[in-house]
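Notes follow once the structure below has been shown.
A short reminder: the numbers here are calculations on the coordinates, not readings from a lab. Just so it is clear, the structure is predicted and the values come from calculations on it, not from any experiment. Cβ placement follows ideal geometry from the backbone for every residue including glycine, while neighbour counts extend to all protein chains displayed.
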Amino acid sequence: MHRHLDGWHSPNLNMHMDIVTYGHYGFPILMFPTAAADYLEYERFLVMDAIAHHVDAGKVKLFSINSINKQGWLNPHEHPKYKALWQVAYNKYIAEEVVPYIWNNCQGQVGIITCGASLGAFHAANQLFRRPDLFDGMIAMSGGYDIRSYYHSDYYDENVYFNNPVDYLPNLNDDKYLPMLRQKKQIYILTGQGSYENPESSRRLAGILASKGIPFHLDLWGYDMPHDWPTWRAMMRYYLAEKF
């Protein structure tokens, strides 16, 4: 499998950010790590091995980046105001730095599928729903889509609101992004129902999308599928084989 490590100092985040590319050709997937993990997490937990035949065949090209979860949402010493500001800066990093990097790598302004598991699924969803002009769909696995569950405070401001899909999506009635979202055909909301999974979170997001006329696929896997890497490896293997 072709594998290329890269990175640069992000002016939006004022820190070095790494990125790894897997594959030589195919439609692009942007991958967000879980929790406080890094850009090589999907490789360490053998997701790349599970989907290697699709990558080697030129079906898909994957780009995996770091998150700001350690600095922001998962930082116990940071006030929620600044957690949300980290997210705002991360949004700019993705839109202004990562997306052009992917387009340049793919030699054109191609559609990008976002992808992530657990907290990475939140990022995958948030990026798609905020910027459907940049992204074509998502594979969100075992996600929680109410970011307020990641901080223990009543604090709330516009930066929290505009990065919380269960808040801003119900009120989305504009003439630009809502019609774009209604044209998306590859919005996949996946979850297991085993240990430590929260399928109700996926059902809640699906219900909001249904109320807005946004097409989606809600896929609840069995009670033998826990919130863990064997589940996500199986999901990635199946969806790349059957849905793309």
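The figures follow:
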item: Positive dipole terminus of the stretch 3-242, leading residue within Pro215, Gln127, Val47 (C-beta point charges); result: Pro215
item: Per-pair calculated FRET efficiency, R0 = 30 Å: Asp175 and His2 via Cβ, rounded to 0.05; result: 0.15
item: Gyration tensor (alpha-carbon) shape descriptor, the chain, a/c threshold 1.5; result: rounded
item: Lysines with Cα under 18 Å of Lys212, excluding same-chain neighbours fewer than 8 positions away; result: Lys176, Lys184, Lys185
item: Spin-label model distance (nm) - Tyr150 vs Asp49, 7 Å beyond Cα toward Cβ; result: 2.8
item: Most mobile listed residue (Gln107, Gln183, Gln71) in the chain, GNM with C-alpha springs under 10 Å; result: Gln107
item: Alpha-carbon centroid distance for the pair the stretch 114-137 / the stretch 3-41, whole angstrom; result: 15
item: His9/Leu220 FRET efficiency (R0 51 Å; Cβ-Cβ; nearest 0.05); result: 0.75
item: The chain: relative contact order as a whole-number percent, Cα under 8 Å and 6+ apart; result: 17
item: Efficiency of FRET between Tyr25 and Lys92 - r from beta-carbon atoms, R0 45 angstrom, step 0.05; result: 0.95
item: Gyration tensor verdict on the stretch 1-141 (Cα atoms; rounded if a/c is under 1.5, prolate if a/b is larger than b/c, oblate otherwise); result: prolate
item: Nitroxide proxy distance, nm - points 7 Å out along Cα→Cβ at Ser195 and His79; result: 4.0
item: Antiparallel content of DSSP bridges confined to the stretch 3-242, in %, to 5; result: 35
